[in-house]
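Down below is the structure, laid out as structure tokens.
We did not get these values from a lab; they are worked out from the coordinates using the rules stated. Predicted, not measured: the structure shown is a model, and the values here were computed from it. With ideal geometry, Cβ positions are generated from the backbone for all residues, glycine too; neighbour counts draw on all protein chains shown.
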Amino acid sequence: MTIFLGLITAHILADFVMQSGFKEKRTGADLLGHIVAVSAMTAIVLCGLQYWGTISFSSAKVLAGVIVGIGIVHAAQDVAGANLGEYLRPYITQLTGLVIDQVLHVAVLLGVGTLLRQQQVVAIASTSVGTYGWQAELALRTVLLAAFATSVAAVVIAYLLEPFAQQLKLPSDSKMLNAGLWIGVCERFLLVLAIASGSELFPSVGFVLTAKSIFRFRELENRVHAEYYLLGTLMSISVAVFIGLILRAMYS
């Protein structure tokens with residue numbers, strides 16, 4: 001389980017946290033940068049697990065090969081997916097394309113993890129008290145959930161709200177829109193942190209709603225803008241509350 005969790009966590013961090021999940025087609029230096037980001041994140045996670053003795057590769061060459069190979073395969077998938085996405089654009093939504101892309105990436109990583117175990121080039125330590133196995137898995141789950149609550153949720157919510165953004169004629173490259181995305185990320189992070197640490201649920205949610213309503217009061221006079229704001233806020237809070245409760249249960 002640890003190797004799969006590590007590979008998927010590295011992928012989500014590279015695709016959504018280190019580089020925006022909005023990027024649909026990468027070429028040239030942008031694609032090269034993405035390969036480096038994916039490989040670097042994979043290296044950090046796998047080397048960290050190896051250092052703590054949670055997993056053990058048969059040799060440094062195998063570890064290096066896995067890191068480079070995952071970066072190259074990821075890039076190849078992105079290029080193929082982008083070309084296919086252009087062909088399917090009239091038939092599927094951006095969110096559907098994102099889901100298909102991520103499912104394929106995860107499927108490949110699961111295949112890589114399975115192959116590594118079957119070929120016995122990586123050993124998985126026991127999760128008994130005498131090892132760091134369970135601590136490492138707990139840390140990976142925490143990081144993965146935090147990434148879902150912040151960066152992944154930002155992309156998904158933005159795609160779900162796209163019809164409203166079009167009605168409001170919000171340009172996709174607007175600095176104000178980007179600021180709104182970052183506000184949402186910080187809002188969910190703080191809310192997850194508050195709930196996971198044991199704070200009362202309703203006061204935490206109430207504080208977020210009150211603070212946002214004060215600053216957006218005038219915008220709520222526009223019906224479409226009000227629906228855009230309320231839907232986005234409710235989606236954001238729902239994700240944060242759900243993941244915050246999961247984390248609270250994990251650490252209780």
*Long-range amide H contacts for ILE55: which residues qualify at under 5 Å (H placed 1.01 Å from N, peptide plane, sequence gap of 5 or more or a different chain)?*
GLN50, ALA125
*Between MET250 and LEU230, what is the label-to-label distance in nm when each label sits 7 Å out along the Cα-to-Cβ direction?*
3.3 nm
_Integer Hz, Karplus 6.51/-1.76/1.60 couplings in order for the stretch 228-242, x for Gly and Pro_ = 4, 5, 5, 4, x, 5, 5, 4, 4, 5, 4, 4, 5, 5, 4
*Which ordering of TRP182, TRP52 is given by a fewest-first count of other beta-carbon atoms within 10 Å?*
TRP182, TRP52
_Cα convex hull of the stretch 32-127, projected area averaged across orientations, nm²_ = 7.2 nm²
